[in-house]
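Single-structure report; data block below.
The values are calculated or read from the model by the stated rules, or taken from the named source; none is laboratory data. These numbers were taken from a predicted model, which means no experiment stands behind them. As a convention, Cβ positions derive from the backbone with ideal geometry for all residues, glycine included, and neighbour counts pool all protein chains shown. The area values use the complete protein model at the heavy-atom level, side chains included, leaving out ligands, DNA and RNA. Shrake-Rupley method; radii C 1.70, N 1.55, O 1.52, S 1.80 Å.
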Amino acid sequence: MRGYLSLGSNLGDRRRHLEAALEKLRRAGVQVTAVSRIYETRAVEVSGPQENFLNLAAAIEYGGTPRELLRICQKIEGELGRQRPYPHAPRTIDIDILLMQGVHLSTPDLEIPHPCMERRAFVIFPLSEVAPGVVLPSGRGIIEVKNSLPHDEIVGVLK
């Protein structure tokens, strides 16, 4: 099943956390087929000052269920030191499932498609690189959504 993930980090060696998470996904049986450039973004939806995030999007192929993929992502977050002291706390790594082909799921701990992605430049900009033709849940193409979002949370793009 084809899908898309969003990865972000704003604690410690942010780039290394992203690289380690991608490697751990591969070792867990998630085939990573494309990875966007890394975007440095301001922390949004947070209650206090936080360091900038490094974010990327990954296109994947995965043979298991969405719930199994969620468990893999949460296990990797734990292995890389993710703490959850309060909502939107700084984090070593955050792995969100954005879309899974043909999957519409809404449970207390997992919602696919991700309900907030179309409002978040830090998700849409990298996702548009690995899925330029994807149609989002709103029925709009990703490029249209990208062009409608403000650029002010994007600080820079890394190679």
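Calculate the length of the line joining the C-alpha centroid of the stretch 109-134 to that of the stretch 1-76, in whole Å. Using only Cα atoms to place each centre, the spacing works out to 12 Å. For the residues 17, 114, 88, a GNM of the chain with alpha-carbon springs under 10 Å puts the largest fluctuation on 88. Distance between the 7 Å Cα→Cβ label points at residue 111 and residue 158: 3.0 nm.
Computed over the chain, the per-residue total of -39500 (n - 2.57) for DSSP H runs of n ≥ 4 gives a 222 nm mean residue ellipticity of -8500 deg cm²/dmol, rounded to 500. Between residue 104 and residue 119, the modelled label-to-label distance comes to 2.1 nm, taking each label 7 Å out from Cα in the direction of the beta carbon. With the full set of protein chains in place, find how many percent of the accessible area of the stretch 1-148 is carbon and sulfur; take the probe as 1.4 Å. Answer for the stretch 1-148 is 48 percent, counting heavy atoms of protein chains only. Stretching the chain fully between residue 47 and residue 138 yields a gain of 30.0 nm (0.36 nm per residue, less the alpha carbon separation).
Using the 1.4 Å probe convention, the accessible area of the chain works out to 50 Å² per residue with neighbouring protein chains retained.
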